[in-house]
Each structure stands twice: as C-alpha cells, then as structure tokens.
Amino acid sequence: MLYFFLRRKKGPLGRGPPSGRSKRSVIQVKVKRGEPVDKALKRLKKALDKEGLMREIRSRRYFEKPSEIRRRELARARARARLQAMES
C-alpha cells in the first residue's frame with residue numbers, strides 16, 4: 001500500500017483545523033496482486049489531482065503575502081467575469 005499524508009494548516013489563532021476539516025488528509029492506493037507499480041502510481045497521481053493536494057503543495061513552496069493572495073484572487077475573479085461577459 002502507498003500512503004500520502006499532508007498536514008493541514010491550522011485555523012484562526014493557531015487552534016485546530018480550519019473550517020472543520022481534518023488535520024490530515026490520507027490518500028490511500030492499494031496495489032493489487034500482480035499490478036505494476038507504475039499503474040498504482042498513476043492512480044495515486046489521479047487521486048492527488050482530484051483532491052487538489054499537488055496544487056496546494058506547489059502554492060506553499062514559498063511564502064506569499066496576504067496582499068499578494070488578494071491581488072491574485074481578484075485577478076482570477078476579473079478574468080472569470082470577463083469570460084462570463086463574453087459568453088453572454
């Protein structure tokens with residue numbers, strides 16, 4: 001069996017998990033008898049992408065100031081609004 005653990009960020013004031021989520025996420029991939037490990041790794045990657053954990057890990061590689069986070073999220077919202085306006 002392959003296991004992947006990710007420690008979740010603590011909630012406000014450093015107490016407990018944020019918004020009721022568990023402190024750790026466990027993604028489990030069972031390797032079937034006779035199954036190549038490459039296939040199991042591929043299933044693990046799909047599970048990680050589905051949960052969005054790889055994106056979160058990449059975003060936490062370096063510290064991002066709260067003002068930068070707000071600026072990035074506002075830019076994404078403007079782009080979404082622009083797309084919706086074009087489709088309508």
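A short reminder: the numbers here are calculations on the coordinates, not readings from a lab. Because the structure is predicted, anything quoted here is derived from the model rather than measured.
Miscellaneous remarks
- Amide hydrogen neighbours beyond the local backbone of V31, cut-off 5 Å, H modeled: L2
- Straight-distance crosslink candidates among aspartates and glutamates, where the alpha carbon sits under 13 Å from K30 and sequence neighbours closer than 8 are dropped: D38
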